[in-house]
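Read-outs: derived from the displayed coordinates by stated rules, not from any lab. Keep in mind that what you see is a predicted model, and the values were worked out from it rather than measured. With ideal geometry, Cβ positions are generated from the backbone for all residues, glycine too; neighbour counts draw on all protein chains shown.
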Amino acid sequence: MLKRKYGDRSEWKRVLKREYIQSFLEIEEFKGYVTLLKIHRVREPLFVNYGEKSVCIVDDGYIWLQHFPIEEHHSLTTMFDSQGNIVQWYVDICLQCGIENNIPWMDDLFLDIVILPTGEIIEKRC
């Protein structure tokens, strides 16, 4: 089962006010789309639980920087809190990344890797 996720997260009802930009990069280390979603205001914060840890990944002032590499099978999201501190790195393993109506997307396979700033690595299977 796949779910297509778009870089602008326009379907996300939790986010009431946002700012979104994207760019295409083609350098030796990376070829693909980079998106930046600045979350100005949310209906309510979003917390995820990793065992006994509860981590806020969406709240007012949070920023998501996402990489959609071309011809690869993953997408990387770096999530920052309102002070600019990294909350987590989130690697989505995906079937493919693409572009539709000028918005990058990925087909999520629901196998994810989370890396916390402490260095802890968490494998998620949804």
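Couple of notes before you dig in:
- Only one of the numbered conditions (1) under 22 Å from Lys3 (Cβ atoms); (2) not in a strand (DSSP E or B) is not met by Phe68, and that is (2).
Conditions (1) out of contact with any His (no Cβ under 6 Å at 6 or more places or on another chain); (2) free of Cβ contacts under 8 Å to residues at least 24 places away in the same chain, marked per residue:
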| site | (1), (2) |
| --- | --- |
| Pro45 | yes, yes |
| Asn49 | yes, yes |
| Gly61 | yes, yes |
| Pro69 | yes, no |
| Gln83 | yes, yes |
| Ile86 | yes, no |
| Ile93 | no, yes |
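- Residues (over 21 Å from Leu25 (Cα atoms), surrounded by 14 or more Cβ atoms within 10 Å (Cβ to Cβ) and not aliphatic (A, V, I, L, M)) located in the stretch 61-91: Gly61, Tyr62, Phe80, Asp81, Gln88
- Residue within the stretch 107-125 that is under 18 Å from Ile21 (Cα atoms), of a type outside the set (A, V, I, L, M, F, W, C) and surrounded by fewer than 13 Cβ atoms within 10 Å (Cβ to Cβ) present: no
- Some residue of the stretch 6-15 being charged (D, E, K, R), in contact (Cβ under 8 Å) with a residue 60 or more places away in the chain and either touching a strand residue (DSSP E or B) at 6+ places or on another chain (Cβ under 6 Å) or surrounded by 15 or more Cβ atoms within 10 Å (Cβ to Cβ) (or both): yes
- Among residues of the stretch 39-74 being of a type in the set (D, E, K, R) and in contact with a Leu (Cβ under 9 Å, 6 or more places away or on another chain), the one that is farthest from Gln88 (Cα to Cα) is Arg43.
- Residue in the stretch 92-106 that is surrounded by the fewest Cβ atoms within 10 Å (Cβ to Cβ), counting only those that are over 19 Å from Tyr20 (Cα atoms) and over 11 Å from the mean Cα position of the chain (by Cα): Leu95
- Any hit, the stretch 52-59, residues being under 16 Å from the mean Cα position of the chain (by Cα) and among the acidic types (Asp, Glu): yes
- Filter pass, Thr78 being without any contact (Cβ under 8 Å) to a residue 40 or more places away in the chain and polar (S, T, N, Q): yes
- Filter pass, Val34 being among the aliphatic types (A, V, I, L, M), closer than 24 Å to Val114 by Cβ and either loosely packed, with under 15 Cβ neighbours inside 10 Å or in contact with a Pro (Cβ under 9 Å, 6 or more places away or on another chain) (or both): yes
- Selected residue [touching a Leu at 6+ places or on another chain (Cβ under 8 Å) and under 16 Å from Asp92 (Cβ atoms)] from Leu36, Leu2: Leu2
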